[in-house]
Structures are given as C-alpha cells and as structure tokens.
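The values are calculated or read from the model by the stated rules, or taken from the named source; none is laboratory data. Please read all numbers here as calculations on a predicted model, not as lab measurements. All Cβ positions, glycine included, derive from the backbone under ideal geometry; neighbour counts span all protein chains shown.
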2 protein chains.
Amino acid sequence: MSHKPEPPAMPTRAVTKEDVARAAGVSHITVSRVINSPEKVSPATRERVEAFIASMGYIPNLLAGGLASRRTRIVAAIVPTISHSIFAETLRGLSEQLCMQGYQLLLGQTNYSEEAETGLVEVFIGRRVDGLVLTGVQHSPMTRQRLKAAGIPVVETWDLTDTPIDMLAGFDNHAAGRAMGDYLYQKGYRRMAFVGGDDPRGMARVAGLRESLRHHGAAEPVHLVMPMGAFLQAGREAIGRLLTQHPEVDAAFFSNDVIAAGAALECARRGIAVPGRIALAGFANLEIATEVLPALTTVQISAHQIGLTAAEMLLTRFDGDPLDQAVHDLGYSILERDST
Amino acid sequence: MSHKPEPPAMPTRAVTKEDVARAAGVSHITVSRVINSPEKVSPATRERVEAFIASMGYIPNLLAGGLASRRTRIVAAIVPTISHSIFAETLRGLSEQLCMQGYQLLLGQTNYSEEAETGLVEVFIGRRVDGLVLTGVQHSPMTRQRLKAAGIPVVETWDLTDTPIDMLAGFDNHAAGRAMGDYLYQKGYRRMAFVGGDDPRGMARVAGLRESLRHHGAAEPVHLVMPMGAFLQAGREAIGRLLTQHPEVDAAFFSNDVIAAGAALECARRGIAVPGRIALAGFANLEIATEVLPALTTVQISAHQIGLTAAEMLLTRFDGDPLDQAVHDLGYSILERDST
DNA sequence: CTGTTAGCGCGTTCAG
DNA sequence: CTGAACGCGCTAACAG
C-alpha cells in the first residue's frame, strides 16, 4: 500500500553478554560476574566492563538466566479479582516486600472460579515461578497435587486450615463470623442477616454467625447472596430487600465494608436510622468503614499484613533459611463503631 | 540439630518433554507438536502422547519455550499503585482480554516515581515480555531509549501526547480539566479550587482548569496538593482546609471521585450544603460517585476501555497484523449530577 | 506425519 | 581473579 522506507525495523538481535564481552575483551563469564557478583572481579576490569554495559545498553536476558539457574525471581499471586479493594491491600504488601528484594509479581484472576485457578496454577508452574500465593484454602485436588509435585513454595492466604498445602497466612473466618454474632447478640440484636457472596470465606463467616446465634438460642440468620460485581450498589440493593422482605431484621452483617458502606449510604439517603432501625456491620476495616456516617462496626483484619507475611515467608524460603512458623494466624478483632 | 529423615525432599527434577517422549516411544518434538499444533500429529499417536502427558503430570517449561521461540506470552503493566481503584479497572480490562488469549500479566508499581519506572522497564525488557503497558506519557529519556532499542510493543495510557513511544490509549487530561472549568463557570461558580496529587495527569487537569478560568476572566483556582495515601481521608481533610482557609471558594474539582466522595461525606457529616455552600466535582466516574449523597458531577472516562484497547492493540501486534490506529483517543465527557 | 540438527543466552561446574 | 566446557528445556528450520 504505502511505501515508507521501512517500519521501525525490529532490531535484528538484542545485545548479548557475548557482545559486551567481546567489546571489552573478556569472556562472557566475566561480564556475568560483574553483574551478579562484582566483588569477585578486579576493580579495573569491572569498571571497564561496566562502562561497556552502559554504553551498549546491555540488558541481561532473565529468561535464559532463569533457565540456567532455575530461579526466576518471579512470584505469582492468584486472587479472585483485582478490581475491588479487598485484596488490593494484600497485593500491595506482597508487591512492596518482594520488589525490594528484586522479585516481580505475576498476577492471576480467577473470578472466584476454581477451574480458573487450576489452569493458572499449571501455567505458573510452567513458568517456573519461585513461589506462589493463593487466596483461600480451598483448591482442586489437581491443584494440590501439582503444587506438591512441583515442590514450589506456596502460601495460602485469607483463611485457616488444618491441611495447608505448604505455608499459610490468614485468619479464622468462621471464628470471626461467630465473634460478630456474639457481639451483636450481646448488644441486644436478635434478628440478624448476613449479606455476601457464596465464596468459601463468606460461607465460613455465615456459618460462624449461625453457630453463634444457635448457641444463644436466637433465630437463624437471613442469608442474602449478592452478585459480587458492584459492591456499593450490592449493599444498597441488599438493604432495600432486607427492609421490605425481612422487616424483622434488626442487624445486618456484610461480607465486606464496601457492601456495608453501600447499605449505610442508602440508609442515609432514605433517612433510615442506623443503628436505630437497623444495625450495620462490615468486614475487613477498609478505609471507607470509618468515613461513612455512621462509622461502621467491622471485623478488623490485617489484609496488608497477610501480604507482608506471605512475602517474608517466601523470601526466607528462597534464601534456604528455615522457617520458624509455616502457619501464621494473623487474627481478627471486633472494632466497635457507631453503626451498631 | 534435628534428625528428621529429610525435609519434603525437593523433587530432584521436573518431568520434561524427553521423559514423556521416551515413555511414549516417540521423539520429544512430537510431544511438542501434540501440545502446540495437535493437528499436525496423527490422532493415534496424539492420544497416546496425551495420555502420557496427563499420567506423568507433565507441565511444559515455558521459560525454555520462551527462550527458544522468543515469545513469552507475558505482558507487563506498570501502574503508579494498585491499592486504589483508579487503575484497577484498566488492569481488569487488560487482564481479562489478555487472559483469554493465553497471556499473563506481570505487574509493576512505581508509587509515582519515574526512577522506579525506569528500573521496572529495564527488568521487564530483560524478562523479554511480549508487550508493555505504561501509565501516562511522561517517561525518562532512558526509558524511551531502551524501549525503542528493544523494539517491543508499548502502549502508553491515561493521557495523550504528540510523541508517543509506540501506541497510545488515553484521553486528553488538559481538555478534560478545561471542560470542567467551562462547565462550572457556566453553572455560575466563580471561585474554584483543584484538589489532587502532583502527578503529570493531575497537573494537566489543573492546567486545563486554569486556562478555562483565565479565558472566562475568573479568578485563578486554588490548588491544594494532597498526599495520595488515603483517598477518602484526603478528601475530608481537603474540604476542611478549603472551608476555613479559602472560604471564598464555591466549587471544588477533585483529582478523582474517591477524594471527592471523601469531601462529600465530610460535608454531610458537618451539615454543609452541597452544592449550596460549595459545589463538588470528581473525576473518572467510579462507582462511588453515584452512591454518595449528593451524587457527584464528574468527568466520565473509560478506564476499563483503556485496558481493553491496550490489550487489543497488543494482541493484533503480536499476531503480526497491521494496526488501523496506533493512537486511540477514548475521550471524556462531563457527567452532571447533583453535587454541582 | 515424523525425526534430526541447531541453537536461544545464560549460569554452573571445574580448571588454571 | 579468570576462562572453557557443558547443559538448562525447548522450538525452528529442514529433512525423510
């Protein structure tokens, strides 16, 4: 069609260690050492080589390096979704800590599908990531088997289990749900509802809530399963349904603070008294919980700490150091605010 | 110290193509073909080989494959931060589209540091990613040079420029700021403020706002630079300062909807009339903008579309197909709601 | 349809 | 302190 001289002309070949070595009059291994263990090279040649590296714009091929050394300096993290703030803090903790040590983060999203997780795990093993961070403790048998076979360090997060694949950094969702039940009951609420998705951790929290209510002899909680697309909106819709379809409910416990905040905003809009007409409680202690009116009672957990802990465990493992603990129960606590 | 028989005993070696080939009585290249181009293998042997692959739990080493084929099927994305929802939508768009085609996303965070970006770009080039997505259009000379030298497909996002490195999917921040200025002026506001960070895109928006106000002969806008750690809180603090230190301001334009929402919530808390006492406008049309009271006037942009478009351009480039457009101006529009 | 021959660019032995 | 050989596991040509 057109007759431009030539599109940018993909450079035929990238600069390689050999090229630098030839230019500097040394062997490629010396160049390698200048990069990976400079102290093993005489200052004179080191400086010369460094100058050539800079002037030639040499960038080491980490792919080849990884293949040869069997270390990629990549950690993969698999989360249900990145578009909601719930896991963002964990990812940030992970990323920060790993980045400082020269590791990169490879990201996978499952959209809460176990199948998707299984596929991602296969790909990540194939990529020879140095470590893997999983969300939750429920995984397909295939996933567990592959991970064990690959022998790669794994951290499961955001929950606890007696049978971790390898390492664990989380908290007890069931106990947290129960604690919230106990707290709400003790505050005098008797007809409760749980609003959230049907993912394993949400289910654990309802189960805990239910156990608590049974124990106190209170009525079974209403369980509203919401689509987890738009959180604030889900909260708004949920409170609407609760108010009309279950007018007896006097306290609602939400799967996370964003949904709870959506409910709080809707109550404000409708002029419904919180906690007078209905009490609201969230989960995770996100920023929004303190900013809505009334401020939300919530379950405080350490989302950021989960990421940090996971990263630290992986890093000590990478260094070949022994782990003092492979399982970290990061705990939770009820944070009482004005919404209950 | 202890005398455990042996820690989990890192499997000596992973299963390789050779192993499968030997077991199946074919050559390793046949195994390769069964995986990469099954149609070139007779159904009989294919099934045999597939059975062995499954039973032996063989997982191809993508590192070696990438080295040999010079395609890694990895795309890297560099964002200022992942812990705020602003870029999350873009990442989701990218990730969804890429994932469907078998690509993975490698993530980098700069915390708004150009230096950090430069370093990340080097590492990602070293990892031989197939493509790179950058946030913004302002990059260090080193970054630009390396990217051109590497000849790898690059998409810059979230802004426009006359001198893109390669491809571009964004919108005009300066014009968007000006449009908001025009809109607010036309609504009768005369003393405006801009609240945001000092990143290039934020600065472009204030510049646009300033240009609009000058053009209309209105007063220079107050510019409040906020730390970008906690968005809602930043909004709350900003509105506080505005109200006391700049009581003449009658309209505030925020760098994004989350900050604006923080301001709106604080106004609600203090009983300050919006827009009666002060008008509030946000940016990006995030979910929260429609959920606070009053709903926020904002600048609608297509964060998700940016990700999709970037992914599509990269993918067609990977397929060697020609691009109809290397620059996509995704536009913006003023979305009038109740806060102005 | 199948196999053979070459690297991809580097790190890891081991010698000097 | 420096270098030579070898192989990491795979794909890309070509050949049969």
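Points worth noting:
- Among the conditions (1) more than 7 Å from chain B (Cβ to nearest Cβ); (2) assigned to a helix (DSSP H, G or I); (3) surrounded by fewer than 19 Cβ atoms within 10 Å (Cβ to Cβ), residue A:122 misses just one, which is (1).
- Condition check for residue A:103: within 16 Å of DNA strand C (Cβ to nearest atom), under 26 Å from the mean Cα position of the chain (by Cα) and within 30 Å of residue B:149 (Cα to Cα): yes
- Scope the range B:15-26; condition closer than 14 Å to residue B:46 by Cβ and near DNA strand D (Cβ under 10 Å from one of its atoms); matching residues: B:20, B:21
- For the range A:249-275, a tally of residues being more than 10 Å from chain B (Cβ to nearest Cβ), β-branched (Val, Ile, Thr) and in a helix (DSSP H, G or I) returns 1.
- Residue in the range B:56-64 that is at negative phi, among the β-branched types (Val, Ile, Thr), more than 8 Å from DNA strand D (Cβ to nearest atom) and surrounded by 20 or more Cβ atoms within 10 Å (Cβ to Cβ) present: no
- Checking the range A:92-108 against the condition returns a match, with at least one residue being more than 7 Å from chain B (Cβ to nearest Cβ) and in contact with a His (Cβ under 7 Å, 6 or more places away or on another chain).
- Residue ID - modelled with the highest pLDDT, chosen from residues in the range B:199-236 that are among the charged types (D, E, K, R) and outside any helix (DSSP H, G or I): B:220
- Just one of (1) in a helix (DSSP H, G or I); (2) of a type outside the set (Val, Ile, Thr); (3) over 24 Å from residue A:288 (Cβ atoms) fails for residue B:242. It is (3).
- The criterion of at least 1 residues that are more than 14 Å from chain A (Cβ to nearest Cβ), more than 28 Å from the chain's Cα centre (by Cα) and within 7 Å of DNA strand C (Cβ to nearest atom) is met, among helices (runs of 4 or more DSSP H) falling completely within the range B:17-83, by B:28-36, B:43-56.
- Within the set B:114, B:96, the sole residue that is at pLDDT 95 or above, charged (D, E, K, R) and outside the structural domain of residue B:227 (by TED's automatic domain parsing) turns out to be B:114.
- Residue within the range B:133-146 that is outside the structural domain of residue B:231 (by TED's automatic domain parsing), within 15 Å of DNA strand C (Cβ to nearest atom), in a helix (DSSP H, G or I) and surrounded by fewer than 23 Cβ atoms within 10 Å (Cβ to Cβ) present: yes
- Which listed residue is within 14 Å of chain B (Cβ to nearest Cβ) and at pLDDT 95 or above, from A:301, A:278, A:239: A:239
- Residue pairs whose Cβ atoms lie under 8 Å apart, sitting 6 or more positions apart in sequence or on different chains, and linking a residue in the range A:65-86 that is on the phi > 0 side of the Ramachandran plot and assigned by TED's automatic domain parsing to the domain that holds residue A:97 to a partner that is of a type outside the set (Asp, Glu) and assigned to a helix (DSSP H, G or I), are A:73/A:62; A:73/A:66.
- Members of the range B:71-82 that are more than 16 Å from DNA strand D (Cβ to nearest atom) and either surrounded by fewer than 23 Cβ atoms within 10 Å (Cβ to Cβ) or not small (Gly, Ala, Ser) (or both): B:75, B:78, B:79, B:80, B:81, B:82
- Any hit, the range B:209-219, residues being of a type in the set (S, T, N, Q) and more than 26 Å from residue A:85 (Cβ to Cβ): yes
- Selection status of residue A:119, assigned by TED's automatic domain parsing to the domain that holds residue A:308, at pLDDT below 95 and closer than 25 Å to residue B:72 by Cα: no
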